1. Name the residue, out of THR72, THR188, THR164, whose mean-square fluctuation peaks in a Gaussian network model built on the chain with Cα pairs under 10 Å.
2. DSSP loop (so not H, G, I, E, B), at most 13 other Cβ within 10 Å: list which chymotrypsin sites (Phe, Trp or Tyr not before Pro) in the stretch 56-95 pass both filters.
3. What's the FRET efficiency of ILE135 with GLU181 using the Cβ-Cβ distance as r and R₀ = 22 Å, to the nearest 0.05?
4. GNM, the chain, Cα, under 10 Å: largest mean-square fluctuation among ALA19, ALA195, ALA170?
5. Which trypsin sites (Lys or Arg not before Pro) from the stretch 30-120 combine a DSSP loop assignment with at most 16 other Cβ atoms within 10 Å?
6. Given 10 Å bins starting at zero, what is the percent of C-alpha pairs of the stretch 89-208 in each, up to the one with the largest pair distance?
7. Based on the alpha-carbon set only, what is the convex hull volume of the stretch 7-129 divided per residue, in Å³?
8. May I ask you to list, by number, the DSSP H helices of the chain whose Cα span along the axis is at least 15 Å and whose average Kyte-Doolittle hydropathy reaches 0.0 or more?
Amino acid sequence: MLRIDDSTPGVRLIGLDRAAKRNAIGVEMTLALEAALLELRHREDIQAVVFYGIGGHFSAGMDLKDFFDSSTRGPQELRRARAATEHWRCHLLRQLPQRLFSAVEGYCLGGALPILQASDVVLAHAQSKLGMPEINFAFVPGGQIVKSVALMSSQRALSYLALTGKLISAEQAQRWGLVSEVVSTDPTALALTLASQWVQRSAALQAE
């Protein structure tokens, strides 16, 4: 569910790896994210983290079918997964000691937006689309998703996204504060470069 790469000194790449579902966050992925972030808290050798999506999309958000009424999972498993989701979205992401970078391609929707809110830098490809489409499926966006967008953007932008369910362009997302920079090349490679440069500069400052 996650592709983790520590080959760049001081930087961890975390790839959301469920390409067949546009990296929708299902039960297994949410448990994997919780475990990965718990482990990261204690990694002093990692100073920066880059989040990205495998297969052309960052994430289509939460896998609503896997978590709610149509799920075939048992109640205990669903309770555990929902608790894990709240844990990593509400606490672990915001408490990580590392600098966080996000590289957005394709869709970045709903339940993935808290990752952007916790990030120090968000690079988005010019063709990417962001939004809160939950209302289109007769769901209300979760409280932590709403809170994350409210912390990044304005009340009017939040209301538009939540009430219309429409997706916005990377350029609009930048104007509304969800994205740091819109790029025309691979955002993951650019984010990795920025993260590596930050690690090197931080090390140089500490050596002075």
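Any read-out appearing in this document is the output of simple, stated calculations on the displayed coordinates, not a laboratory observation. Bear in mind the structure is a predicted one, so any value in this text is a computation, not a measurement. So basically every Cβ, Gly included, is an ideal-geometry build from the backbone, and we count neighbours across all protein chains shown.
1. Highest fluctuation of the listed residues: THR72.
2. Hits after loop and neighbour filter: PHE68.
3. 0.15
4. Comparing ALA19, ALA195, ALA170 in the GNM, the peak value goes to ALA19.
5. Those that pass, being in a loop and sparsely packed, are ARG41, ARG43, ARG73.
6. 14, 42, 30, 10, 3, 0
7. Dividing the Cα hull volume of the stretch 7-129 by its residues yields 101 Å³.
8. Sorted by number, the helices that extend far enough and score high enough are 27-40, 187-207.
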